[in-house]
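The values are calculated or read from the model by the stated rules, or taken from the named source; none is laboratory data. This one's a predicted model, so the numbers in the text were calculated from it and none came from an experiment. Using ideal geometry, Cβ is built from the backbone for each residue, glycine included, and neighbour counts are taken over all protein chains shown. When the accessible area is computed, the model is the full protein with side chains, heavy atoms only, and any ligands, DNA or RNA have been set aside. Shrake-Rupley method; radii C 1.70, N 1.55, O 1.52, S 1.80 Å.
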Amino acid sequence: MIRGLIKKSGVYFLGLLAGKALSFLVFILFARTLLPTNFGNFVLFITLLQLITYFADFGMIQWYQKKATSEDSDELLGKVISARIFTLLISSLLSIIFLLLSSSFNLQISIIFLLTLIPEAFLSIFDGYYLKRGKSFTVSLKTVLRMMLLFFGFLFFTSSFSFEVAISSYSLSSFLVLLWYIPRKKLAYVRVDLGIKKVGIILRSSSSYAFLIFSSFLYARGDSLVIKYVLNSASLGIYGAAYRYLESLSLIPTALAHNLFPISAKPNTVTWTHLLKLVLLLSTLGLIISSALYLFSDTLIIALLGAEYTPAIPVLKIFSAVLLFFFINSPLATIVQSSDLIQKFLPFGFANTVTNIILNLVFIPIYGIGASALVMLFTELTGLFINVYFVRKIYSR
């Protein structure tokens, strides 16, 4: 089982690696050109877009992978698409209200934001479709194609590149990638039914995963929102620069978690011995990579991004420890989230997220962006304790 999982995850990782390599190049170009304030606005745009997409997905990706083991795949995909269209409408309305109240962007950027919600909705749903069929490489190619389009957009508008151009390029890339990503042959057999009653049944069924995924994403990105609205865009740009390294280097545990979930969703598939081997493997690999990140933090920030991002160095050094916990927690969290103890786990996971946000609200205004990195390190440790507790309950049965 482990060999097959690592093989699938390895293929997925290679695809993600190619995408992240391009993403890293685009990230450097955007950060150096836009400078901290406008780069912070760009980070805010992407963060809000991802946050609303995760919320509107309502756990349907994980629900689909779980249900696909026992239900007709064509009928199930139709149900998911129907429910996602409904949540897209609701999330768009809520986004309009938020954008009007917060004045986060001007009218032009706000319109682009609302339009971009459309392709992002279906790109995320089709992730579940491809992952369930073992086509993880196709999922990773989505990122490669998007980054290539952004890179070409940067080259074309180099002399006049701005925050507005960066946002427009991102939105256009989403629509173009969706045209390639849609499983056209499968959709010919899919029936979409927007009946409120049927959609409501699906959303109630996926609500446990929705709560979990949204709280996990809020945990990962809530700090960015606090930094933006408590401090300023420049602080978010500096923090976002360090965070992009953390995000890029977490590819391996991400690839494994995505491929492990549909396997562990089947009862008695992942044994205790399998899990111990996975944790040991990822802990060793995580220790090596996180140590390298700590040692080369100065070079990664100053040499690649410029002296304007120097305050990101201590943040990145703290993130190197956070990265190690990412590796350790990945297989443990996946086992718990794909088990039938998910309902009992939810209050603990939510409490950890709330703790993270409260600590950020308390300490960021006093100590700045470094406090946010330390808070994440603390709640990754508490998250490890929670995961271990539930994993022991699962296997003790």
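The table for this structure:
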{"read-out": "Residue within region 282-304 that is touching a residue at least 60 places away in the same chain (Cβ under 8 Å) and either more than 22 Å from Pro36 (Cα to Cα) or outside any helix (DSSP H, G or I) (or both) present", "value": "no"}
{"read-out": "Residue tally, condition open to solvent by 70 Å² or more (accessible area, probe 1.4 Å), under 24 Å from the mean Cα position of the chain (by Cα) and not polar (S, T, N, Q), over region 281-318", "value": "5"}
{"read-out": "Single match in Leu172, Leu203, Leu176, Leu141 (criterion: more than 29 Å from Ala234 (Cα to Cα) and modelled with pLDDT of 90 or more)", "value": "Leu176"}
{"read-out": "Residue within region 120-140 that is open to solvent by 20 Å² or more (accessible area, probe 1.4 Å) and over 23 Å from the mean Cα position of the chain (by Cα) present", "value": "no"}
{"read-out": "Selection within region 155-176 - surrounded by fewer than 18 Cβ atoms within 10 Å (Cβ to Cβ), of a type outside the set (S, T, N, Q) and more than 24 Å from the chain's Cα centre (by Cα)", "value": "Leu155, Phe156, Phe157"}
{"read-out": "Members of region 31-44 that are out of contact with any Ser or Thr (no Cβ under 7 Å at 6 or more places or on another chain) and crowded, with 21+ Cβ neighbours inside 10 Å", "value": "Ala31, Pro36, Phe39, Phe42"}
{"read-out": "Flag for Gly368 being within 27 Å of Leu236 (Cα to Cα) and surrounded by fewer than 21 Cβ atoms within 10 Å (Cβ to Cβ)", "value": "yes"}
